[in-house]
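S.K.: Pasting a structure here, questions to come.
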Amino acid sequence: MRGLPTIEQSGRLRTRRWDAVVLGGALPGLVAAIRLGMNGARVLLLEEAAAVDAFPGIREPFLISGAKSDGVLGRCLRESGIPLIDRQRIGSDPLAYQVAFPDARVDIGEPTRTFEELVGWKFAEPESAKSLLRELAGAATAERDAMLEAPVVRTPRRLAAARRSSEPYTGTPATPTNRHARGLPDAARNPSSRLAALLAAQTRALSNLGGSAPSPEALARLLGQSQEGSALFAGGEYWLHTLLRRRIESLYGEFRTLPGPFRIASVSNQPGVVLDDSAEAWCGRVLLVNAPRPALAKAVAQDPVPDLLSAPAPTRRRIKVHLRCRRSLLPTGMSKRVIAVRSHQRPMEGTNVITLRVFPNARRDDSVDLVASSVVAADETEIAAREAEIEAGVGDLMPFAAGALTRQESTRPTWDSDDWLSDPAASAGWPATCNIRVSSRPPAFVLDRAAVGGLGFEGDVLLGWRSGDCVAAELA
């Protein structure tokens with residue numbers, strides 16, 4: 001591995017130093033920063049101005065799952081020292097989301113309600129529905145237990161240490177003692193065409209992969225977690241990202257916005273960011289890249305681009321549209337989270353599958369904010385057309401809102417985004433571990449969301465959690 005381009009320290013260059021510099025404000029980096037702070041590291045988290053200024057709901061996950069004490073998020077928040085008063089603000093909603101077809105609106109959540117919906121809308125016969133939900137719940141529990149025990153990430157140093165230990169390192173997480181089998185259960189392997197469309201729509205909405213399918217283990221967790229319901233924050237102005245940011249600041253971490261052209265480089269053998277406009281350098285003992293590397297490669301003001309930013313181009317991107325309307329225009333019975341499928345007959349991809357989240361307006365008037373999104377091909381020239389299709393799809397869901405939906409425009413981030421979706425290399429991805437080190441001298445790491453993309457939101461939490469601990473161990 002080749003290191004970063006070197007910039008000589010000079011009287012003109014003003015250098016500030018931290019233990020760790022995190023480049024990008026996506027969820028994995030926030031979690032990693034907290035874990036580093038808990039281990040005594042001073043952390044600087046750098047963000048793009050457009051990402052900071054955007055409506056907070058743009059970056060909130062569609063489904064926040066695992067917030068109970070035995071879940072991935074719940075365990076992570078508790079072990080990361082999030083105060084009890086903050087954790088208590090996260091309630092539980094037995095309804096995870098609705099899946100809306102042209103001829104059906106299916107509530108997905110706690111098992112009894114989901115069973116009645118599957119049978120009532122004729123997606124499955126009673127016995128088949130019962131077997132499907134029972135087996136998915138067991139597989140999802142087994143996968144959650146494995147996720148909580150797994151290393152998820154590794155570095156060459158961690159790999160060497162594991163090989164020297166009495167317990168041989170195999171590169172894959174140990175299967176926990178659990179009476180449930182892991183992987184996609186038999187009841188979900190050969191569904192009817194109608195049920196297959198329902199499962200495929202949920203997979204596309206919840207997965208953070210580009211064009212590839214989640215592994216059987218990831219798919220079992222992705223589809224089975226809905227029976228646990230979803231997390232719900234008390235009040236309309238509280239966000240998961242806000243909770244994590246407050247924790248970072250309380251641990252002597254700092255947030256800064258990159259105001260202009262910058263370079264990624266090494267100053268006195270410490271990796272960091274050099275701001276050309278102000279002749280400043282912000283460096284750390286380690287650098288964590290928490291943004292899509294191809295997007296960063298286009299954003300940095302340097303040629304040639306550092307080797308650590310080399311990565312396959314993303315295959316898909318999640319386009320989001322921010323809308324606003326009066327609360328009274330929401331259809332009766334519509335969930336705060338909806339997966340809308342515009343046609344049974346078309347593949348469950350592109351703007352045929354639209355996710356919609358409803359947020360109370362911060363002004364507490366009669367309006368609501370809506371964030372709608374679809375995963376589409378990574379083609380910059382098609383954005384406007386796809387946004388128009390998403391907006392039309394929301395209009396189909398809300399027939400009484402015709403002409404009353406207003407688009408809320410904002411600047412789209414160029415690099416500090418979690419909307420670019422890639423795929424892991426062959427045989428990589430959950431449940432395999434991924435190597436996060438991309439440079440040894442100076443030490444730099446990349447939080448590769450593709451490696452855990454099949455697990456969706458919980459994969460992001462795990463990636464940040466385990467990466468933060470792994471990097472903290474190397475700093476120590």
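The values are calculated or read from the model by the stated rules, or taken from the named source; none is laboratory data. Since the structure is predicted, the reported quantities are computational estimates derived from the model, not experimental observations. No Cβ is skipped: glycine too gets one built from the backbone with ideal geometry, and neighbour counts run over all protein chains shown.
S.K.: From Leu118, Leu136, Leu132, grab the single residue that is farther than 30 Å from Ser250 by Cβ, in contact with a strand residue (DSSP E or B) (Cβ under 8 Å, 6 or more places away or on another chain), assigned to a helix (DSSP H, G or I) and not aromatic (Phe, Trp, Tyr). Don't jump to the end; show me each part of the working.
M.R.: On the way: Leu136 fails: in contact with a strand residue (DSSP E or B) (Cβ under 8 Å, 6 or more places away or on another chain); Leu132 fails: in contact with a strand residue (DSSP E or B) (Cβ under 8 Å, 6 or more places away or on another chain).
Answer to the check: Leu118.
S.K.: Output the residues belonging to segment 325-352 that are farther than 22 Å from Leu209 by Cα and in a strand (DSSP E or B).
M.R.: Selection gives Cys325, Arg326.
S.K.: State whether the residues of segment 366-373 include one that is in a strand (DSSP E or B) and among the hydroxyl-bearing types (Ser, Thr, Tyr). Give the steps one after another, and end with the answer.
M.R.: Going through segment 366-373, the residues in a strand (DSSP E or B) turn out to be 367-373.
Applying the additional criterion that residues be among the hydroxyl-bearing types (Ser, Thr, Tyr) yields 367, 373.
Yes, that holds for at least one residue.
S.K.: Would you point out the residue of segment 241-270, among those that are among the aliphatic types (A, V, I, L, M) and over 30 Å from Ala425 (Cα atoms), that is modelled with the lowest pLDDT?
M.R.: First, pick out the residues of segment 241-270 that are among the aliphatic types (A, V, I, L, M): 243-244, 248, 251, 258, 264-265, 267.
Those left that are additionally over 30 Å from Ala425 (Cα atoms): 243-244, 248, 251, 258, 267.
Values: Leu243: 92, Leu244: 95, Ile248: 95, Leu251: 85, Leu258: 92, Val267: 93.
Filtering first and then ranking leaves Leu251.
S.K.: Suppose we keep only residues that are over 23 Å from Val300 (Cα atoms) and of a type in the set (A, V, I, L, M, F, W, C) within segment 33-61. Which one would you say is nearest to the chain's Cα centre (by Cα)? Talk me through it step by step, then tell me what you get.
M.R.: Step one: list which residues in segment 33-61 are over 23 Å from Val300 (Cα atoms), which gives 34-42, 55-58, 60-61.
Next, from what is left, pick out any that are of a type in the set (A, V, I, L, M, F, W, C): 34, 36, 38, 41, 55, 58.
On the way: Ile34: 16, Leu36: 19, Met38: 22, Ala41: 24, Phe55: 17, Ile58: 12 Å.
So, considering only residues that are over 23 Å from Val300 (Cα atoms) and of a type in the set (A, V, I, L, M, F, W, C), the one nearest to the chain's Cα centre (by Cα) is Ile58.
Residue-by-condition table, conditions (1) under 18 Å from the mean Cα position of the chain (by Cα); (2) among the small types (Gly, Ala, Ser); (3) at pLDDT 95 or above:
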{"site": "Thr351", "(1), (2), (3)": "no, no, yes"}
{"site": "Asp369", "(1), (2), (3)": "no, no, no"}
{"site": "Val375", "(1), (2), (3)": "yes, no, yes"}
{"site": "Glu389", "(1), (2), (3)": "no, no, yes"}
{"site": "Ala404", "(1), (2), (3)": "no, yes, no"}
{"site": "Asp418", "(1), (2), (3)": "yes, no, no"}
{"site": "Ala426", "(1), (2), (3)": "no, yes, no"}
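S.K.: Report yes if some residue within segment 433-449 is more than 15 Å from the chain's Cα centre (by Cα), surrounded by fewer than 23 Cβ atoms within 10 Å (Cβ to Cβ), of a type in the set (Lys, Arg) and part of a strand (DSSP E or B); otherwise report no.
M.R.: Within segment 433-449, one or more residues are more than 15 Å from the chain's Cα centre (by Cα), surrounded by fewer than 23 Cβ atoms within 10 Å (Cβ to Cβ), of a type in the set (Lys, Arg) and part of a strand (DSSP E or B).
S.K.: Do we find a residue being assigned to a helix (DSSP H, G or I), closer than 30 Å to Glu474 by Cβ and either modelled with pLDDT under 90 or under 22 Å from the mean Cα position of the chain (by Cα) (or both) anywhere in segment 205-220?
M.R.: Yes.
S.K.: Name every residue in segment 353-393 that is within 15 Å of Val99 (Cα to Cα) and crowded, with 20+ Cβ neighbours inside 10 Å, in order of residue number.
M.R.: Selection gives Val353, Ile354, Thr355, Leu356, Arg357, Ala372, Ser373, Ser374, Gly393.
S.K.: A further question follows. Just the residues that are under 14 Å from Arg105 (Cα atoms) and surrounded by 15 or more Cβ atoms within 10 Å (Cβ to Cβ), please, taken from segment 332-352. Don't jump to the end; show me each part of the working.
M.R.: Step one: filter segment 332-352 for residues under 14 Å from Arg105 (Cα atoms), giving 332-344.
If the condition is that a residue be under 14 Å from Arg105 (Cα atoms) and surrounded by 15 or more Cβ atoms within 10 Å (Cβ to Cβ), then Met334, Ser335, Lys336, Arg337, Val338, Ile339, Ala340, Val341, Arg342, His344 are the ones that fit.
S.K.: Let me ask something else about it. Which strands (runs of 3 or more DSSP E) sit wholly inside segment 241-324 and have at least 1 residues that are surrounded by fewer than 19 Cβ atoms within 10 Å (Cβ to Cβ), of a type in the set (Phe, Trp, Tyr) and touching a strand residue (DSSP E or B) at 6+ places or on another chain (Cβ under 9 Å)?
M.R.: On the way: elements: 254-258, 262-267, 270-275, 280-289.
Because the criterion is at least 1 residues that are surrounded by fewer than 19 Cβ atoms within 10 Å (Cβ to Cβ), of a type in the set (Phe, Trp, Tyr) and touching a strand residue (DSSP E or B) at 6+ places or on another chain (Cβ under 9 Å), the strands (runs of 3 or more DSSP E) in segment 241-324 that meet it are 254-258.
S.K.: Among the residues in segment 411-418, are any of a type in the set (Ser, Thr, Tyr), assigned to a loop (DSSP other than H, G, I, E, B) and in contact with a His (Cβ under 8 Å, 6 or more places away or on another chain)?
M.R.: Keep residues of segment 411-418 that are of a type in the set (Ser, Thr, Tyr), which gives 411, 414, 417.
Among the residues that remain, those that are also assigned to a loop (DSSP other than H, G, I, E, B) are: 411, 414, 417.
Filter once more, so that each one left must be in contact with a His (Cβ under 8 Å, 6 or more places away or on another chain): none.
Looking for residues that are of a type in the set (Ser, Thr, Tyr), assigned to a loop (DSSP other than H, G, I, E, B) and in contact with a His (Cβ under 8 Å, 6 or more places away or on another chain), one finds none in segment 411-418, hence no.
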